[in-house]
Each structure stands twice: as structure tokens, then as C-alpha cells.
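Novice: The structure that follows is given in the form of C-alpha cells.
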Amino acid sequence: MIRKVAILANGGDVSGFNAVIRAIVKTAEHNGIECYGFIDGYNGLLKNEYVKLSTGNDETASGILPKGGSIIGSSTNANVFHYKIQENGETVYKDLSDVCVENIKKDGFDCLFTLGGDGTQKSARDFSTKGINVIGVPKTIDNDVACTEITFGYNTAVSVAAEALDRLHTTGETHHRIMVLEVMGRYAGWIALESAIAGGADVALIPEIPYDINKAVEKVNERKEKGKNFSVVVVAEGAAPKGGEITVAGTRDNGAGVDNTKLGGVGQVVAKELERLTGLEARNTTLGYMQRGGTPTAFDRVLSTKYGSKAMELALNGTFGVLTVIKDGRLDYVSLEDVVGKNTKIGAVSGNTSESNIRRVTMDHDLVKTARNIGICLGD
């Protein structure tokens, strides 16, 4: 019998966090269930810091549908199964997950909703093995969570990137330049590929296809021969040349078990190479966090609401240890074990491992076929 539930939002912020929270709260209230939110993701769970969420008199979860970010915060560095702490002046790592389990039991929460990407859901799976009733909701602008066709936050990110391409297009055409746009996505090329199609780009370089810069040059020169002395290029931050490595902007120190690699800079690399090889001026724009913040699109508001409502419905039915998903265009759910795949080691949450089950672009996907059909160069 579900009487009291808790929500946590974890990982990088996306537009749609609050829409999911609102949907869970409203569905919970409709069924007489109390709803709470842990502050700052798994950090809040560890510290047992939470607030009551309501659309009633206090209105903590009211009016948040169009609001970006997360009203209960989030965390990008909290692997509680391998938590970094200072002890006697030294950095050590400890499994503090049992503290979280005790907090959940002490607080009387019958279910924990985890809003996050592959790392968040890996920890959710690990908590489910410890007897906690967990239901995951797939969040990430990267669209790389396994077992679902789309994550909330992705559509907004693509829309922002497409608008940027529209603006870069007019500048490139006016000044006869190659305009390069570097977008997020980490090790998956969904944002780059879909925004390239939506924004009329000529070249799209994605992590799944190691690129040959000469192929991009051929595309630019082909356009020049037709009298089009400008080109628009989209580059995913995780794209890499054939035989080369991804471009790394830096390395964080957020502890073991999380991906500490900070990607970035490949757009500038590509722009310089294209300028040298084509003779056209090239300019790079790195969109960065513009893709994460702000008002969610109508699509993401609806998707987030569907996900949140479905998650609460699953809790009411006693279905736990699962992730809400879109499968064949319809709401469904899968086991968190399926989401984890081969990444079964307790505490390992990084998406950048050979065992990780993140969803990448496949060469038989409709987006790849569409891009090729309309003449977008994919660097191969």
C-alpha cells in the first residue's frame, strides 16, 4: 500500500525536470498519497534533506510546468556507492548507500522515483537490489538512456540547437563563411544528427562515425562549385577523427565511478581544419549550457507529464525496480536490470565504459538514413 513517496532529480539539469515532478505530485495527490522531494539528488538522499511537495495551499509544485531546471535541485557528482570524502586529511571512497537505505526506511517512504540518466538509473538499480522500491524516469538531453526511444529534455535541446543553426545560417550566407556549431551529447550523436536535419546543416559529425575531415571538405567544395560559398556544420562534442581521439577540455575531480571527462573543443578543431583546407573563413560556436536551461518545449512538457504520471501509476500497481520508457511510440516500462545491461558491478555508474549500456545512434536508424538521403555529409 503506497502512502508516502519521494522524488530525486539527479545529473545535469534539463528542461522537463519540473514537469515530471509536477505530474508525479498531481497523480499522487489524486490518489491520496503524500509526496516529497530530496534536495540535490543523491546528495540529499545521503544527507536526508527533503521537502514536502504539493500543488495545494503551499503550492511548492504549482506553476512549475514551464519552468526550467529543478525546484529540488540536482547533483552531478554523487555516487553514494563510492562516495568521495575527506578523512584524516586524505581523500577516501566509501560505500554510504546503507545510510541512504536507512534514511528511506526511517522516513517511511514507500517508493523512490529517480529522475536521471544512465548513471542515475544504475544507482537506482543498485538500490533496488538492497530492497528499496525504486522507479526510474529517463532524463538527459543526450537521449542515450538504454531501452527507451526518447528521454525528456532531449527535444528542447534539439530545438535550441536548431534555432542556433537558423541564426548561424544567415551569418554564414552573408559573409561567405563555414559556420560550425558544437553541440552536447557526450558519447551519442542524437542532438547533432537531429538538429542538423532540422536546421538544414550540410555536415554532421557524430561520435558513432569517426570522421574523415576530407569528406567534409569535399562537401564544402561541392557547394562552392554550385555557387554556395558558405556551409553549415554540426559537430557533436564526442566526435573524433578516424584513428584519433575525442577532444577533451579538462578532467574533473568528482570521484570514482562517475565520468570525470569534460568534453569540448572539437568544434574549434574542425573549424580550423576546414578553413585551412577549403580557403573559406570558418567560425565555431559552442552552444554549451544553452541547450540545458530554460522553458521546455510543448513536446517535452507532454512527454515529461506522461512519464511522471506513468511512474506514479506503476507505484500504485506495485511495480518496482523498473524504468518508465517509450517503446514503439507508447508508454511502457522495462526492468532496471535491462537498463543496466552488462554494467552490473555495484557502484560503477559511468556511461563511458565498455560495459555501459548507453543508447547510441545506429547506422540503420531512420535519422541516419534521412540525413544521407538529403545529402548531409556524415564524415564517412
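Novice: Looking at the square roots a ≥ b ≥ c of the eigenvalues of the Cα gyration tensor of region 169-321, which shape do they give, rounded for a/c under 1.5, prolate if a/b is larger than b/c, or oblate? All intermediate terms of the calculation are to be shown ahead of the outcome.
Specialist: Values: a/c = 2.68, a/b = 1.76, b/c = 1.53.
Since a/c reaches 1.5 and a/b is larger than b/c, the shape of region 169-321 is classed as prolate.
Novice: For region 64-152, which GluC sites (Glu not before Pro) are in a loop by DSSP, counting at most 15 other Cβ atoms within 10 Å?
Specialist: GLU149
Novice: Moving on to the next point. Principal axis extents for the chain, Cα atoms only, whole Å, descending order, please.
Specialist: Per principal axis, max minus min of the Cα coordinates gives 70, 48, 34 Å.
Novice: Further question on the same structure: Among the lysines, which have Cα under 20 Å from the Cα of LYS219 when same-chain residues fewer than 8 positions away are ignored?
Specialist: Partners within reach: LYS228, LYS242, LYS272, LYS369.
Novice: Here is a follow-up. Per DSSP H run of n ≥ 4, the term is -39500 (n - 2.57); total these for the chain, divide by its residue number, and report the mean residue ellipticity at 222 nm rounded to 500 deg cm²/dmol.
Specialist: Using -39500 (n - 2.57) per qualifying helix, the result is -11000 deg cm²/dmol.
Novice: Could you work out how much longer the chain between ARG276 and LYS4 gets when fully extended? Use 0.36 nm per residue separation minus the Cα distance between them, nm to one decimal.
Specialist: 91.7 nm
Novice: Structure shown: which of LYS94/LYS345; LYS26/LYS105; LYS94/LYS139; LYS94/LYS122 lie over 21 Å apart, alpha-carbon to alpha-carbon?
Specialist: Distance filter (> 21 Å) returns LYS26/LYS105; LYS94/LYS139.
Novice: Another one. Take the Cα atoms of region 164-238, find their three principal axes, and give me the spread along each one in whole Å, biggest first.
Specialist: 35, 26, 15
Novice: Report, to one decimal in Å, the Kirkwood hydrodynamic radius for region 29-143 based on all distinct Cα pairs. Each step should come with its number before you reach the end.
Specialist: On the way: mean 1/r = 0.0650 Å⁻¹.
After inverting the mean inverse Cα-Cα distance, the result is 15.4 Å.
Novice: With each pseudo-label sitting 7 Å past Cα toward Cβ, what's the ASN48-THR344 distance in nm, one decimal?
Specialist: 3.4
Novice: In nm, to one decimal, how far is the LYS369 label point from the GLN86 one, both placed 7 Å along Cα→Cβ?
Specialist: 5.7
Novice: Follow-up. What does the C-alpha gyration tensor say about the overall shape of region 59-112? Classify as rounded when a/c is under 1.5, otherwise prolate if a/b is larger than b/c, or oblate.
Specialist: On the way: a/c = 3.59, a/b = 1.65, b/c = 2.17.
It comes out oblate by the Cα gyration axes.
Novice: For region 266-357, which GluC sites (Glu not before Pro) are both in a DSSP coil and crowded by at most 14 other Cβ atoms within 10 Å? Walk me through the numbers on the way to the answer.
Specialist: Details: sites: GLU273, GLU275, GLU281, GLU313, GLU337, GLU355; in loops: GLU355.
Answer by residue number: GLU355.
Novice: Using a Förster radius of 35 Å, what is the FRET efficiency between LEU316 and ASP212 based on their Cβ-Cβ separation? Nearest 0.05, please. Present the calculation step by step, with values, prior to reporting the outcome.
Specialist: Numbers: r = 53 Å, r/R0 = 1.51.
The value I calculate is 0.10.
Novice: With springs connecting C-alpha atoms under 10 Å apart, model the chain as a Gaussian network and identify which of HIS82, HIS169, HIS30 has the largest mean-square fluctuation.
Specialist: In this elastic network of the chain, the residue with the biggest mean-square fluctuation among HIS82, HIS169, HIS30 is HIS30.
Novice: Further, regarding this structure: Counting only residues 5 or more places away or on other chains, whose amide H sits under 5 Å from the amide H of TYR50 once H atoms are built in the peptide plane?
Specialist: Amide H to amide H, under 5 Å and 5 or more residues apart or across chains, TYR50 pairs with ILE39.
Novice: Hey, another quick one. Suppose R0 equals 22 Å; then what is the FRET efficiency for THR170 and GLU222 from their Cβ-Cβ distance, rounded to the nearest 0.05?
Specialist: With R0 = 22 Å, the Cβ-Cβ based efficiency is 0.55.
Novice: Here's something else I'd like to know. LYS130 versus ASN229, label points 7 Å from Cα toward the beta carbon: distance in nm?
Specialist: 6.4
Novice: Considering the zone a paramagnetic label at ALA298 would reach in this model (a point 7 Å from Cα along the Cα-to-Cβ line), which residues of region 56-73 have amide N under 17 Å from it?
Specialist: Residues passing the 17 Å test: 65-67.
Novice: So what's the gap between the Cα centers of region 1-54 and region 303-380, to the nearest angstrom?
Specialist: 22
Novice: When the chain is fully extended, how far beyond the present Cα-Cα distance does ASP380 get from THR251, taking 0.36 nm per residue of separation?
Specialist: 43.5 nm is the gain from fully extending ASP380 to THR251.
Where a number appears in this text, it was derived from the coordinates with a stated rule and is not lab data. Just so we're clear, the structure is a prediction, and the values are computed from it rather than from any experiment. Cβ coordinates were reconstructed from backbone atoms using ideal geometry, including for glycine residues, and neighbour counts include every protein chain displayed.
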